[in-house]
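What follows is a short report on a single structure.
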């Protein structure tokens, strides 16, 4: 692969990381600013029991903040892209579930009831866009790493775990 293609993959990865980082930071900050409203939004999806919704409402904003910070700081960018893809997949699933069950509930996407926004096709398309952006960023990271034959460096995984050293 020539240097031109390598640069393209670098900028695709960086662009996807910055976009996802901004989305997840804004989303996570909105949810931490209004935790009770976000808890009520999670509870309205009716996918988990009330006490489990409380745990989801506590953990998800922190996960989003971490997934938002890591790609922006280039620390474990590949791992953050994998987590962003998993969160995107989760968001697509829960939005689809609400649409299929014909429920009219607040989105809770950006915390505080998301200004009265309800779950619908727009929120589903937004979740699909997050998923696709994460997959594109991850694909670009892996393609860029493939040129140097060192995908472990891009994904932030050490080549040899300390436990395994000396046992080869």
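The values are calculated or read from the model by the stated rules, or taken from the named source; none is laboratory data. Please read all numbers here as calculations on a predicted model, not as lab measurements. Counting neighbours? That spans all protein chains shown, and the Cβs are built from the backbone with ideal geometry, glycine included.
Points to keep in mind about this one:
- A Cβ distance below 7 Å, combined with a sequence gap of six or more or placement on separate chains, defines the contacts here; from segment 74-96, residues that are under 12 Å from residue 127 (Cβ atoms) reach residues that are not in a helix (DSSP H, G or I) in the pairs 94/45; 94/47; 95/119.
- One residue from 12, 25 being within 30 Å of residue 142 (Cα to Cα) and modelled with pLDDT of 90 or more: 25
- Note on segment 63-78: among residues that are modelled with pLDDT under 90 and crowded, with 21+ Cβ neighbours inside 10 Å, the one that is nearest to residue 136 (Cα to Cα) is 78.
- Checked against the criteria, residue 131 counts as under 22 Å from residue 79 (Cβ atoms), touching a helix residue (DSSP H, G or I) at 6+ places or on another chain (Cβ under 6 Å) and modelled with pLDDT of 85 or more.
- Qualifying residues in segment 53-62 (those that are touching a residue at least 24 places away in the same chain (Cβ under 8 Å) and either in contact with a strand residue (DSSP E or B) (Cβ under 6 Å, 6 or more places away or on another chain) or surrounded by 18 or more Cβ atoms within 10 Å (Cβ to Cβ) (or both)) - the one nearest to residue 27 (Cα to Cα): 61
- Positions within segment 1-46 being free of Cβ contacts under 8 Å to residues at least 40 places away in the same chain and not in a helix (DSSP H, G or I), in sequence order: 2
- Across segment 63-106, the number of residues qualifying as in a loop (DSSP other than H, G, I, E, B) and either within 26 Å of residue 9 (Cα to Cα) or in contact with a strand residue (DSSP E or B) (Cβ under 6 Å, 6 or more places away or on another chain) (or both) comes to 4.
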